[in-house]
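Participant: Take a look at this one; I'll ask things after.
Just so it is clear, none of the values below were taken in a lab; they were calculated from the coordinates. Given the structure is predicted, the values throughout are model-derived calculations rather than measurements. All Cβ positions, even for glycine, are placed from backbone atoms using ideal geometry, and neighbour counts span all protein chains on display.
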Amino acid sequence: MGDGKSKHDVMRQKAAALHAVDARIFLESSLPHVLRKMTPAQIQQVQRIFDAAVVNPGIEEEANALYRRSAIGRVGNQVYRDPDTERRAYKVLGTMISVTEADKRIRLKYDALLEPDVFKPVTDNPDEAAYLKKVKATLEAKGVWLRIGQPWVRRPDDPSSRMISPQVFEAWLSLGPEGDAIPTKGGRIDREALLKTTVLGAGYYSEVDRGKVQKGLDRQITRLSLDIDEGIKEHNRLRARNRRAAPGVAEISDLVGGADLPDRDIWDFPEALVMKARQKKSGGNVLESQAYLVMAAVATRNAAQALATYAEKSEAGAAGVVTVLKIVKTVSEVAEVGLAITGVGGVALAGRRVAMSEVDQLAIKVAERHAARNPEIVADINKVRTILQPKGSVAGRVKAGTSSGTGSGWHKWP
């Protein structure tokens with residue numbers, strides 16, 4: 001340029017005269033945090049998009065007019081053009097600001113946009129920590145991109161129709177150059193923005209909310225709930241048997257066998273622990289859920305053992321003993337699975353079978369880890385300790401042939 005101005009300066013001046021959108025003002029109003037993290041070259045790239053929107057249509061119109069004027073004759077389908085005028089048309093066309101669709105996608109330094117705690121798990125679920133590492137790797141691979149687009153708007157002269165306006169733009173962030181939008185507030189990427197990104201949110205649901213740990217806990221909690229229901233059903237059957245027996249028959253049978261039917265409320269504590277395990281799981285605190293699950297399994301097993309002892313000694317029938325012992329076996333398996341289910345916490349079962357006395361101690365160990373954070377669990381730990389079986393007792397409460405207050409005996413049922 002003869003006056004020392006570059007082509008860029010001339011076009012920028014021309015675009016400003018045509019009221020092109022100012023890139024800095026636009027980004028400050030839509031994505032201020034992004035603007036502060038962009039390089040001068042990236043901002044200039046956005047400005048070039050805006051300038052092209054107002055400048056290029058006029059240049060294209062001028063070039064087309066010259067090209068039409070270059071036609072000086074026609075023979076059949078052949079058009080003859082004036083070479084000078086045709087060259088002028090192409091020269092004018094060459095002054096257009098070059099902008100491609102690729103220019104409307106700008107890769108940003110994603111880590112500069114992230115909030116400090118964006119990858120910090122909010123639950124103790126190890127699946128969440130593992131998934132957030134995947135999210136970080138995905139961001140590194142695909143990148144965070146600034147996208148510039150032009151939405152359809154109503155025509156000022158005809159509101160019933162729409163148009164693309166050279167002064168109206170929209171900007172958003174996306175995962176990858178053509179990926180899902182990242183719904184940010186001002187361009188700051190926090191946990192909420194990441195998990196509202198469609199593909200990342202869907203992954204969180206499948207790998208965390210419905211991941212291995214949550215599904216494993218859900219299966220064992222459901223399994224234990226069914227076992228408790230089965231135990232209560234058998235307890236009620238034995239209770240009904242005593243009611244139906246001829247006066248003195250059940251009493252003599254139990255006295256001879258040295259049996260005492262435990263009170264129905266031995267199932268209340270396991271039920272309460274299962275409920276807490278379910279509530280903690282729903283809240284995402286799977287390690288506390290695990291602690292309540294294994295404590296509930298220990299409590300359920302001991303309640304079932306107490307009932308099995310009574311059934312055996314009171315001549316309640318082999319079927320009843322088998323039913324209750326099946327429950328004992330199942331809840332023991334639940335305890336073992338529950339201890340290993342998260343794969344963390346220092347409880348290494350390594351796929352081996354463990355003695356139930358070891359399960360008891362591991363259950364207490366797992367629960368004690370959460371005592372400092374959750375004082376409520378301390379009381380439950382102490383209750384579980386009282387029902388762990390000392391030698392020569394049933395469930396640590398009801399010795400054979402006696403009642404310590406937990407068992408009420410057939411004669412105390414209404």
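Participant: Using only Cα atoms, what is the ratio of the radius of gyration of region 100-158 to 2.2 N^0.38 Å?
Facilitator: 1.74
Participant: Here's a follow-up. Which of the GluC sites (Glu not before Pro) across region 76-149 are loop residues per DSSP, with 12 or fewer other Cβ within 10 Å?
Facilitator: The qualifying sites are GLU101.
Participant: Rounded to the nearest 0.05, what FRET efficiency is calculated for LYS233 and PHE119 with R0 set to 35 Å and r the Cβ-Cβ distance?
Facilitator: Computed FRET efficiency for LYS233 and PHE119 comes out at 0.15.
Participant: Also: Which FRET efficiency value, to the nearest 0.05, do you get for GLU207 and SER282 by plugging their Cβ-Cβ distance into 1/(1 + (r/R0)^6) with R0 = 22 Å?
Facilitator: So the FRET efficiency works out to roughly 0.80.
Participant: Nearest 0.05, what FRET efficiency do ASP158 and ASN64 give at R0 = 30 Å with Cβ-Cβ as r?
Facilitator: 0.80
Participant: Can you tell me how much longer the chain between LEU226 and ARG87 gets when fully stretched, taken as 0.36 nm per residue apart minus their C-alpha distance, in nm with one decimal?
Facilitator: Values: separation 139, 0.36 × 139 = 50.04 nm, distance 8.66 nm.
Full extension of this stretch gives 41.4 nm more.
Participant: Also: Give a quick list of trypsin sites (Lys or Arg not before Pro) in region 60-160 that DSSP marks as loop, anything other than H, G, I, E or B, with at most 16 other Cβ atoms within 10 Å.
Facilitator: Here the trypsin sites (Lys or Arg not before Pro) that fit, given the DSSP loop and packing criteria, are LYS109.
Participant: Which ordering of VAL322, VAL54, VAL378 is given by a fewest-first count of other beta-carbon atoms within 10 Å?
Facilitator: VAL322, VAL378, VAL54
Participant: Among the listed pairs LYS276/LYS329; LYS37/LYS109; LYS14/LYS37; LYS136/LYS196, give every one whose C-alpha distance is greater than 18 Å.
Facilitator: Pairs exceeding the cut-off: LYS276/LYS329; LYS14/LYS37.
Participant: In what order do LYS233, LYS313 fall by count of nearby beta-carbon atoms within 10 Å, going from fewest to most?
Facilitator: Numbers: LYS233 10, LYS313 19.
Least crowded to most crowded, the residues run LYS233, LYS313.
Participant: Okay, moving on. Region 1-99: Rg/Rh from Cα coordinates, Kirkwood Rh?
Facilitator: On the way: Rg = 18.4 Å, Rh = 15.7 Å.
Rounded to two decimals, Rg/Rh equals 1.17.
Participant: Hey, can you rank 273-284, 292-303 by average C-beta count inside 10 Å, highest first?
Facilitator: Result, highest mean Cβ count within 10 Å first: 292-303, 273-284.
Participant: Ok, one more. Please give the net charge around ALA129, taking every other residue with its beta carbon less than 15 angstrom from that of ALA129, where Lys and Arg add +1 and Asp and Glu add -1.
Facilitator: Working: positive: LYS120, LYS133, LYS134, LYS136, ARG191, LYS212; negative: ASP117, ASP124, ASP127, GLU128, GLU207, ASP209.
Cβ neighbours under 15 Å give a net charge of 0.
Participant: Sticking with this one: Over the Cα atoms of region 102-209, what radius of gyration and what Dmax do you get, in Å?
Facilitator: Expressed in Å, the Cα Rg and Dmax of region 102-209 come to 17.1, 59.
Participant: Next question, about the same structure. Distance in nm between label sites at GLN13 and SER30, each 7 Å beyond Cα in the beta-carbon direction?
Facilitator: If labels sit at GLN13 and SER30, their model points lie 2.8 nm apart.
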